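Working notes, beginning with the structure itself.
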Amino acid sequence: MISTARYWSLLILILLVYVAGLFVTLFENDSAQFAVMAMRMVQENDFLSLLKGPEEYLDKPHMHYWLAAFAYKIFGIHDWAYRIPALLATLLGAYSTRGLGTLLYNKQVGKVAGLIFLTAQTIVLSNIDVRTDAVLTGFTIFAIWQLARYIENAGLPSLLLGAFGAGIAFSTKGQIALLVIGIPVLFHLAYTGKWKLLFHWKVLLALVVFTLTISPMLYAYYHQFDLHPEKVIRGKANRSGILFIFWEQSFERLSGEGVGKNSSDYFFFFHTFLWVFLPWTLIGIIAYYDQLKKLIKTHFRRNPKFELLTVGGIGLTFIIISFAQFKLPHYLNILIPLFSVLSAAYLFALKRKQNTRVLNIVLGLQYFVLSLVFIATALICFYVFEWESWLSYIPLFTAYAVVAYFIVKKEAPYLRIITISILASVLLNGVLNLHFYPQLLEYQGGSAMAEIVEQQGIPVHQIHKISEKHSWALDFYNQYPLTISTIEEINNLEDIWIYATEEEAAQLARQGITWDTEYEVDQFRITRLQGKFLNPDTRSNILNKMYLLHKP
């Protein structure tokens, strides 16, 4: 068993990593874009309209932006304030994962499942590069947990809480929330044979709660789109926001219509899973295979030792999203709680059966994962972005020493697996949040230029750009979206600043526009890392430049 002292010590280390991530500069594109969209809600006092630059934004519902705007209202417009709702939703997700693990198995499985969830790489990343998925994941697993509780004890409060959680999740990202909630719950109903609970009068009350929960989002969609059929969205007029969120959204994602196609690889999520669930990937794969094998052997007959909620929910959802023509790695976040419960249950079963041979094999696999983390952190700190002072290496070597202590310490394999896996995540993400990301974001042109704007006292309302290319980071840290102007308009203006790429600066020069002051920063698409950038010797060869030009 994992002791209370060990549990809280590991949890505090994990939370410190999350707190460190609150203060990292926002990433372009999505994270900074969504932060700007929420910022405009507050500044323009319009909480019913979603705008992406000059465009009406139909793609996602309002909840994520409302929560971020609410945080701005309380704390002010800061990057760390934008991340607070995501962090709180992630903590809710961890608590719900613990609750689901306890419900399906026991308290020990629940405690470990919560820790696994918090240390899965994609969950940590979702609190740095904050999109809609942190809120979606937190409320999705909360809804699954509460609805599973209703199936187990037929309690009305659990059902209503589940309906509320489903409503918030649906208001965050639409139909995918109902899919990911519904599939595991239906598998659990099928395995337990409690179908009658689906047709109980209490379900009508749950539908009322769900409807009330999503009604603000539906009204916002209706107000922005249904009342304005003249608006042209993605080349189409007469767009109904309500029809979109109830019907069109997921079909557009599956077909790639509207949002575009970025992958027809049906195995995209299978190889993506190899990194998103680190450092637990190998355990997760083995746990899924082991549980599925047991269920097949028992011909899926009801057995109190097993459950179908996690295996069924993961398997069918994996298949469905694999057919989407538009795929991104963070789409897997909503499955991480189920994988966490399954992995914790597998490890506990090995411990309970005292299967030392398999536990030692798993421990060996985790040593391999830990070795990769050691190599990655060493490369980051000694090669990719080398520290200037030797004093900076003291915390790193202290962390290495702590991990080494638990490697050599004589403990049961079960406890060592959990401890070194969590420490591997803490070590990797501590280095990323405190060293790698801050160094990396120096090459993000928008946020780097915002520092210059602040230092030089440049009036943000006088900064223009000549194209509709997004400038989210500069918009956010200026707390003022750049004005889009044509070259002809620029020519007639005086005492302005122009934010431009290398090509745009050359275009301005060709048009006879001159400037008396020029600031320059490096620019690289930091969310699309490549070897030439990570190699300090070749980095300068692939960097672009962004300019801030003063036209007198």
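Could you count how many residues in segment 167-206 are among the small types (Gly, Ala, Ser), assigned to a helix (DSSP H, G or I) and under 18 Å from Gly312 (Cβ atoms)?
Selection size over segment 167-206: 3.
Can you find a residue in segment 303-314 that is in the same structural domain as Tyr414 (by TED's automatic domain parsing) and more than 18 Å from Trp275 (Cα to Cα)?
No, there is no match, as no residue in segment 303-314 is in the same structural domain as Tyr414 (by TED's automatic domain parsing) and more than 18 Å from Trp275 (Cα to Cα).
Within segment 5-61, restricting attention to residues that are touching a helix residue (DSSP H, G or I) at 6+ places or on another chain (Cβ under 6 Å) and small (Gly, Ala, Ser), which residue is farthest from Ile418 (Cα to Cα)?
Among them, the one singled out is Ser49.
Could you tell me which of the residues Leu48, Leu100, Leu58, Leu87 is at pLDDT below 95 and surrounded by 17 or more Cβ atoms within 10 Å (Cβ to Cβ)?
One residue alone meets the criteria, Leu58.
If you take the residues in segment 398-444 that are touching a residue at least 60 places away in the same chain (Cβ under 8 Å) and not in a helix (DSSP H, G or I), which one is surrounded by the fewest Cβ atoms within 10 Å (Cβ to Cβ)?
Within segment 398-444, the match that is surrounded by the fewest Cβ atoms within 10 Å (Cβ to Cβ) is Ala412.
Quick one: is Leu335 crowded, with 16+ Cβ neighbours inside 10 Å, within 18 Å of the chain's Cα centre (by Cα) and either at pLDDT 95 or above or in a helix (DSSP H, G or I) (or both)?
Answer is yes for this residue.
Is there a residue in segment 16-35 that is surrounded by fewer than 16 Cβ atoms within 10 Å (Cβ to Cβ), under 14 Å from Leu118 (Cα atoms), within 19 Å of the chain's Cα centre (by Cα) and of a type outside the set (Gly, Ala, Ser)?
yes
With respect to the numbered conditions (1) surrounded by fewer than 17 Cβ atoms within 10 Å (Cβ to Cβ); (2) over 22 Å from Arg98 (Cα atoms); (3) not small (Gly, Ala, Ser), which one is the sole condition not fulfilled by Arg352?
Of everything listed in (1) surrounded by fewer than 17 Cβ atoms within 10 Å (Cβ to Cβ); (2) over 22 Å from Arg98 (Cα atoms); (3) not small (Gly, Ala, Ser), Arg352 misses just condition (2).
Does Leu50 satisfy being in the same structural domain as Ala345 (by TED's automatic domain parsing), touching a Ser or Thr at 6+ places or on another chain (Cβ under 8 Å), in contact (Cβ under 8 Å) with a residue 24 or more places away in the chain and not charged (D, E, K, R)?
no
Out of everything in segment 445-464 that is of a type outside the set (Gly, Ala, Ser) and under 30 Å from the mean Cα position of the chain (by Cα), what residue ends up being surrounded by the most Cβ atoms within 10 Å (Cβ to Cβ)?
Once the filter is applied, the top-ranked residue is Met449.
Give me a count of the residues in segment 192-243 that are buried (at least 18 other Cβ atoms within 10 Å of the Cβ) and either under 18 Å from Trp66 (Cβ atoms) or free of Cβ contacts under 8 Å to residues at least 12 places away in the same chain (or both).
Total satisfying the criteria: 10.
Taking the condition of being outside any strand (DSSP E or B), of a type in the set (D, E, K, R) and either touching a Phe, Trp or Tyr at 6+ places or on another chain (Cβ under 8 Å) or surrounded by 14 or more Cβ atoms within 10 Å (Cβ to Cβ) (or both), how many residues in segment 525-552 meet it? Let's see the steps before the verdict.
First, the residues of segment 525-552 that are outside any strand (DSSP E or B): 525-543, 552.
Right, trim to of a type in the set (D, E, K, R) and you get 525, 528, 532, 537, 539.
Filter once more, so that each one left must be either touching a Phe, Trp or Tyr at 6+ places or on another chain (Cβ under 8 Å) or surrounded by 14 or more Cβ atoms within 10 Å (Cβ to Cβ) (or both): 525, 539.
Residues meeting the conditions: 2.
Residues checked against (1) within 23 Å of Ser215 (Cβ to Cβ); (2) aliphatic (A, V, I, L, M); (3) at pLDDT below 80:
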{"position": "Ser240", "(1), (2), (3)": "yes, no, no"}
{"position": "Leu243", "(1), (2), (3)": "yes, yes, no"}
{"position": "Phe246", "(1), (2), (3)": "yes, no, no"}
{"position": "Ser250", "(1), (2), (3)": "yes, no, yes"}
{"position": "Asn262", "(1), (2), (3)": "no, no, yes"}
{"position": "Tyr266", "(1), (2), (3)": "no, no, yes"}
{"position": "Val276", "(1), (2), (3)": "no, yes, no"}
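Could you list, in sequence order, all residues of segment 130-145 that are within 14 Å of the chain's Cα centre (by Cα), of a type in the set (A, V, I, L, M, F, W, C) and part of a helix (DSSP H, G or I)?
Ala134, Val135, Leu136, Phe139
If a residue must be buried (at least 16 other Cβ atoms within 10 Å of the Cβ) and in contact (Cβ under 8 Å) with a residue 60 or more places away in the chain, how many such residues does segment 493-524 contain?
4
For the list (1) under 23 Å from Tyr437 (Cα atoms); (2) in contact (Cβ under 8 Å) with a residue 24 or more places away in the chain; (3) part of a loop (DSSP other than H, G, I, E, B), I need the number of the one condition that Tyr477 fails.
Single failed check for Tyr477: (3).
Say we look at segment 142-177 and pick out the residues that are touching a His at 6+ places or on another chain (Cβ under 7 Å) and among the aliphatic types (A, V, I, L, M); which of these is surrounded by the fewest Cβ atoms within 10 Å (Cβ to Cβ)?
Ile151
Return the residues of segment 282-310 that are under 20 Å from Ile181 (Cα atoms) and not in a helix (DSSP H, G or I); say none if nothing qualifies.
Phe306, Glu307, Leu308
Take Val358 and tell me if it is in a helix (DSSP H, G or I) and touching a residue at least 12 places away in the same chain (Cβ under 8 Å).
Values: in a helix (DSSP H, G or I): yes; touching a residue at least 12 places away in the same chain (Cβ under 8 Å): no.
No.
Glu494 - would you say it is closer than 29 Å to Ala38 by Cα and in a loop (DSSP other than H, G, I, E, B)?
no
What number goes with the only condition from (1) over 20 Å from Asp79 (Cβ atoms); (2) modelled with pLDDT of 90 or more; (3) in contact with a strand residue (DSSP E or B) (Cβ under 7 Å, 6 or more places away or on another chain) that Ile513 does not pass?
(2)
Can you say whether Leu508 is closer than 30 Å to Val130 by Cβ, outside the structural domain of Leu125 (by TED's automatic domain parsing) and hydrophobic (A, V, I, L, M, F, W, C), as far as the supplied structure shows?
For Leu508, the condition - closer than 30 Å to Val130 by Cβ, outside the structural domain of Leu125 (by TED's automatic domain parsing) and hydrophobic (A, V, I, L, M, F, W, C) - is not met.
Among the residues of segment 213-221, is any touching a Gly at 6+ places or on another chain (Cβ under 9 Å), at pLDDT 90 or above, of a type in the set (Val, Ile, Thr) and not in a loop (DSSP other than H, G, I, E, B)?
yes
The values are calculated or read from the model by the stated rules, or taken from the named source; none is laboratory data. Keep in mind it's a predicted model, so treat the numbers as computed, not measured. Using ideal geometry, Cβ is built from the backbone for each residue, glycine included, and neighbour counts are taken over all protein chains shown.
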